[in-house]
Each structure stands twice: as structure tokens, then as C-alpha cells.
1. What's the number of the only condition in (1) open to solvent by 60 Å² or more (accessible area, probe 1.4 Å); (2) part of a loop (DSSP other than H, G, I, E, B) that ASP15 fails to meet?
2. Out of all the residues in segment 30-48, is one or more more than 17 Å from ARG4 (Cβ to Cβ), open to solvent by 100 Å² or more (accessible area, probe 1.4 Å) and hydroxyl-bearing (Ser, Thr, Tyr)?
3. Could you list, in sequence order, the residues of segment 53-63 that are part of a helix (DSSP H, G or I) and open to solvent by less than 100 Å² (accessible area, probe 1.4 Å)?
4. Can you pull out the residues in segment 31-46 that are touching a residue at least 12 places away in the same chain (Cβ under 8 Å) and among the polar types (S, T, N, Q)?
5. Does any residue of segment 22-30 turn out to be more than 10 Å from the chain's Cα centre (by Cα), among the charged types (D, E, K, R), in a loop (DSSP other than H, G, I, E, B) and on the phi < 0 side of the Ramachandran plot?
6. Report, by residue number, each residue of segment 31-52 that is in a loop (DSSP other than H, G, I, E, B) and under 18 Å from ASN14 (Cβ atoms).
Amino acid sequence: MPVRLAINPITWSNDDHPSLGGDIPLETCLSETHQAGFPGTEFGFKFPRTTPELTAALTKHHLRLVSAWYDGRIM
């Protein structure tokens, strides 16, 4: 079975402290993810919240969503 690696968006911006990297557009994150050779990404706060918009954003960069992380404030 082949192994595929993915990356998380915290590489570009921080979900706990959105001011860290908050100025970096989602387009940059997704474009650089693809350029780095990753086929997938984790969900982050910059991502669209509707399935059609999220699918379009990921498809444009030939990426797949692999996981999502939520902190304790979700409660």
C-alpha cells in the first residue's frame, strides 16, 4: 500500500493565534502545499466552511482534505 504524506496549515498560519500568519492568504497556503509535493492538507481556520467551496479550493490545487484539528474552545 502506498503512503501519501499531507501537511497542516499551521505551517503558514496558526489556528490558536490567527494573528500569526493571518495575513497569508489561503491561496498561498494551498499553492505552496501543492508545489512542495504534498497531495493533501489538514483543515484550518482559513478554509471555506461549505463543502462546494472547500472542494473547489482544494481541487484547484489538486489537493485532498485528510483531517481536521479543533482545540478545546470548540466546546
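1. Among (1) open to solvent by 60 Å² or more (accessible area, probe 1.4 Å); (2) part of a loop (DSSP other than H, G, I, E, B), ASP15 violates only (1).
2. Kept after step one, since they are more than 17 Å from ARG4 (Cβ to Cβ), are these residues of segment 30-48: 31-32, 44-48.
Then keep just the ones that are open to solvent by 100 Å² or more (accessible area, probe 1.4 Å); that gives none.
Checked segment 30-48: no residue is more than 17 Å from ARG4 (Cβ to Cβ), open to solvent by 100 Å² or more (accessible area, probe 1.4 Å) and hydroxyl-bearing (Ser, Thr, Tyr).
3. Those that are part of a helix (DSSP H, G or I) and open to solvent by less than 100 Å² (accessible area, probe 1.4 Å): LEU54, THR55, ALA56, ALA57, LEU58, THR59.
4. Hits for segment 31-46 are SER31, THR33, THR41.
5. yes
6. GLY44, PHE45, LYS46, PHE47 - these are the residues of segment 31-52 that are in a loop (DSSP other than H, G, I, E, B) and under 18 Å from ASN14 (Cβ atoms).
The values are calculated or read from the model by the stated rules, or taken from the named source; none is laboratory data. On a predicted model such as this, the values are computed, not experimentally measured, just so you know. Reconstructed Cβ throughout: ideal geometry from the backbone, glycine too, with neighbour counts over all protein chains shown. Calculation scope for accessible area: heavy atoms of the full protein, side chains included, ligands and nucleic acids excluded. Shrake-Rupley method; radii C 1.70, N 1.55, O 1.52, S 1.80 Å.
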